[in-house]
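Here the structure comes first, spelled out in structure tokens, and everything after it is commentary.
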Amino acid sequence: MERKIVLEAKELTRKVSSPEGELTIVDGVSLAIGAGESVALVGASGAGKSTVLAMLAGLDLPTSGRIWLDGRELTGMDEDARARLRADRVGFVFQAFHLVPSLTALENVMLPMELTGRSDARQAAHEILQRVGLGAREGHYPRQLSGGEQQRVALARASVTRPAVLFADEPTGNLDTATGASICQLLFDLNREFNTTLVLVTHDTTLAARCDRILTMAAGRLVT
Amino acid sequence: MSSRRAAVLLGLRSLGREWRSGDLAVLFIALFVAVAALTGVGFLVDRIDRAMQLQASEVLAADLRLTSPDQISTTYETEADRRNLLHARAAQLISVVLKDEATQLTNVHVVTAGYPLRGTVRVSDRPFGAPQAAQGVPAPGECWPDSRVLAALGAQVGDVVNVGAAPLRVTRVLISRPDQGSGFVDLAPSLLMNEADLPATQLIQPGSRVRYAALFAGDRRAADSFSLWLQKNKKPAERLGDIATISPEVGSATRRAGRFLAIASLVSVLLCAVAIAMTARRYVQRHLDLAALLKTIGASRADVLWVCLTQLICIAITATLFGSLAGFGAQFALLAVVGDLIATELPPPGFMPVLLGFAAALLLLVGFALPSMLRLARVPAMRVLRRDMGPPPLGAVLAFVPALLAVALLVMQVSGDMRMALGFVAGLGAAALSLMAVALLLVAGVARLRGRLGVAWRYGAANLARRRAESVVQIVSLGLGLSALLLLTILRGNLVDDWRARVPQNAPNYFFVNIPTQDREDFRGMLSADGGTLSRMLPMIRGRMTQINGEPVAARRFVDGRRGEGLAGREQNLTWSAEIGPDNRITEGHWFTAEEAGQPLVSVATDMQESIGLKLGDKLTFDIAGETFETTISSFREVQWDSLQPNFFLMFPPGLLEGAAGTWMASAQYRPTDPGTIASLVRRFPSVSIFDMDDLLGQVRSIIDKAVLAVQGVFIFTLLAGIVVLLAAVQVTRDERRYESAMLRTLGAQRRTVVAGVMLEFLLIGSLAGIMASAAASIGSYFVSTRLLEIPFRPDPLIWIGGALGGALLVCIAGYIATRSALLQPPMSTLRYG
């Protein structure tokens, strides 16, 4: 069955200025990712993976090229419009978890829903924390949770809005092998359960191998 | 729930944790201390300022004094009643007072109940006795002559004397009245009596020379508005007096003190600003990640701003509330210390300083915190992936314009003086920019040295150089704070020296007026025999200026309307002298040479020059005892009126006016061997009026003492504020230091080495800031002294040593207190939990 394209990029280029002159860190990247598909973006450090991820998610704009997310062109939007689109359609998981330290696990998960004005934020957050196995710890602050638990909260926060696309940047990079494996399992379970498109940047070959597709980058270009 | 509400809720939810993490606590403390300092100083300045106004009013015995050669209409009193102002009447006439065969020409003061409205009449139960405050005024049928009248008449308390046709019983001895004047107009021996007895004296006849006065006092605003009303409605012959026109000595001291206190409050404002800017900057640094995360999960720029603004507003409200309360309390604590030394009771605290505290907190936050906060909204969401990405730097306009505007508005509010406001803001801007340039050079210099230093020094210097921007900001902030303190120290020294120099301990304490020319030498001899030293003896004749360059004075329009008219139109005391006193300085032209003796020349005081609008070579015509003299202005003199020496607006060369009938006046340092000596002096020279200046000196000294105390009080407060700013400055780098300390100790550094490195960094920051502050303060105080306060500038080399050592010591102590727990925390706990 032909998948509906949920994320598409055409001729993405990103240049930055440096003391040595202008550097091209992403060079003519084009790709299309279907709904529910899982894609791993791999490559050596400095290959431009995270920059592509940031541009696909609307966190950064390309110097040239165009991006469509869920049918809407990201590259034509201002910063606030891109933020609104992310609130509705995008989830994130980071290597460093990025939980708000002053909020409990439950409040961290509620946050993106509150920003979109959802009234059932507490209930939804409670349910998904149960789902990721942290029902008993929803009142704990990030500091009181282990690394794996923090990443589960982050995963719950990223999934609770049922995003069209979930971006993950080295989601297991800060975790030991066993914990990493369990987070990885949870990530794919949720991907399947919610039919979310998964785009992840990783050095972890096991994790990449579980994806439907692997895209390899080198020197700012897609090589496979 | 709207995204805005979610942002506000997030801000509120995070408050507790933010507080515990220290950021908001530091912001709170900085704002709290800033507001406390500002309102504390505000309360104190406000109260002392009002007390000074009252004190100055005492010299008039009222807030407003309307004088007239004719009886004053009662409509003014009706209007004063309508405005809830107190009023009283006084009249002054010269009359002979008699007892048996003895007579004495006396300045008779006739007053109504309520007199004086400001200040105190002092009386004694015997001539030249110890003064005590009088209750009320003499009852009808009674009078209070002064010691000289009694000495001349040989009368005692209880005797009956005749004032005109009215027999009055002496019930007290008048020692001083508040409005006896510090000029030399009101010089004859005095007697105080009740207005009810005036008709019985039969002294008021057609052609009698009487000076009537209506006195008004009350709420300052009501008095000010009544003053305007009187200026519009008074008759042309009536003169309205306030402190500036009637008593130049007290006026100038009050003005100078007021300006100094205003500058002292401005320094507190500056410290507030430094503290807020530093803590806000740090707050923003710590919230960059949160802002990026919020944007990543869908928050708009405004939402991000609202999270922080919510916290800022909460902190601002509570800090301002508690700060105002603390300022209110601190003012009482300060007054408890100096209360005994402030002779008069201070008026109750007003509400204005609290409003000013709130307004100041808002302005400081908008000017110094908000621009940094705006950067949060511009953090790229990309920062969640690349932590090195920060918001674009604050543009120069956003970084400086709101801050300078906030300071300008505060300065305007505090000083109420546009010129001072602009000068202060320009000086502040220039100081900040120069400090920044110098700090950059110094930091770069220290960085070059690091390779040649030991481990601890290298670590300290490396810290300084690695955080170059932060170091520069800290050095500039501390430098500004320190320079404010040092500036105050230099100014305080200059001001106090200046005041001391102006009212020296050996200022003359007696004035003798109406010394007949032929008795001059006898008088001098008798005074010397009793240990008195004449400090100045000048002739004194009365005269009136009639024309300026041929134009009648009455037809002339004056540069400084009312004052000019008063100075030119009234009967003047004139003198001549071959010598110019040390308290007179020629500003234009030259003093009379020996060859110019007898020439029709005149030297004019600069006050008169400015008020009337005169220039060298102008022709002034005088009527002296019916004879007309046309003179040419040959010089202008700046007169130091508060030297308490006899001084004159108009001085002529010798040999011009000797023919005119006149007497001599003298000032002297004189401690009579016993009170009887004065009485015998009066009997030997009956026409001579004797004035004990100790009372007037006491009044002037008391004002100066209060001003100095107020300055010291404000200075202590500013010093406290400065120390807290230093604490805040050190506190904001606490987390970084904790992490570094943990890293170094993990790598094997001894605790001693880590502490020494950090302390050396503080030592460098403190001493660099101190040296720069000394330079800035020396330059700043030169301008403030010479341009604003108009006092001589005396450079103080100790400031440089004090600045460097003080800066280093303060920063080291504050730094150690603030970072001790961070440096001593077990490394594992830091590395594990952050």
Looking at the stretch B:607-628, which of its residues are buried (at least 18 other Cβ atoms within 10 Å of the Cβ), of a type outside the set (A, V, I, L, M) and free of Cβ contacts under 8 Å to residues at least 60 places away in the same chain?
B:609, B:611
Looking only at the stretch B:609-621, and only at residues there that are at pLDDT below 90 and not in a loop (DSSP other than H, G, I, E, B), the one that is nearest to residue B:581 (Cα to Cα):
B:609
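Conditions (1) modelled with pLDDT of 80 or more; (2) assigned by TED's automatic domain parsing to the domain that holds residue B:309; (3) not in a loop (DSSP other than H, G, I, E, B), marked per residue:
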{"residue": "B:366", "(1), (2), (3)": "yes, yes, yes"}
{"residue": "B:371", "(1), (2), (3)": "yes, yes, yes"}
{"residue": "B:376", "(1), (2), (3)": "yes, yes, yes"}
{"residue": "B:382", "(1), (2), (3)": "yes, yes, yes"}
{"residue": "B:393", "(1), (2), (3)": "no, yes, no"}
{"residue": "B:398", "(1), (2), (3)": "no, yes, yes"}
{"residue": "B:402", "(1), (2), (3)": "yes, yes, yes"}
{"residue": "B:410", "(1), (2), (3)": "no, yes, yes"}
{"residue": "B:413", "(1), (2), (3)": "no, yes, yes"}
Within the stretch A:157-168, is even one residue in a helix (DSSP H, G or I), touching a helix residue (DSSP H, G or I) at 6+ places or on another chain (Cβ under 9 Å) and among the hydroxyl-bearing types (Ser, Thr, Tyr)?
yes
Within the stretch A:192-211, how many residues are assigned to a helix (DSSP H, G or I) and surrounded by fewer than 17 Cβ atoms within 10 Å (Cβ to Cβ)?
5
When restricted to A:33, A:67, A:5, the only residue touching a helix residue (DSSP H, G or I) at 6+ places or on another chain (Cβ under 7 Å) and at pLDDT 90 or above is A:67
In the stretch B:635-667, residue modelled with the lowest pLDDT [restricted to those that are among the polar types (S, T, N, Q) and in a strand (DSSP E or B)]:
B:663
Of all residues in the stretch A:136-151, count the ones that are assigned to a helix (DSSP H, G or I), within 14 Å of chain B (Cβ to nearest Cβ) and more than 27 Å from residue A:88 (Cβ to Cβ).
3
Within the stretch B:391-398, can one find any residue that is within 14 Å of chain A (Cβ to nearest Cβ), over 26 Å from the mean Cα position of the chain (by Cα) and under 21 Å from residue A:80 (Cβ atoms)?
yes
Residue selected from the stretch A:81-135 under the condition aromatic (Phe, Trp, Tyr) and either part of a helix (DSSP H, G or I) or at the interface with chain B (Cβ under 7 Å from one of its Cβ atoms) (or both), by the criterion nearest to residue A:202 (Cα to Cα)
A:94
Quick count over the stretch B:275-295, residues being closer than 26 Å to residue B:36 by Cα and within 14 Å of chain A (Cβ to nearest Cβ), is 1
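The values are calculated or read from the model by the stated rules, or taken from the named source; none is laboratory data. Since the model is a prediction, treat every value here as computed from it, not as a measurement. Methodologically, a virtual Cβ is constructed for each residue, glycine included, from the backbone with ideal geometry; neighbour enumeration extends over all protein chains shown.
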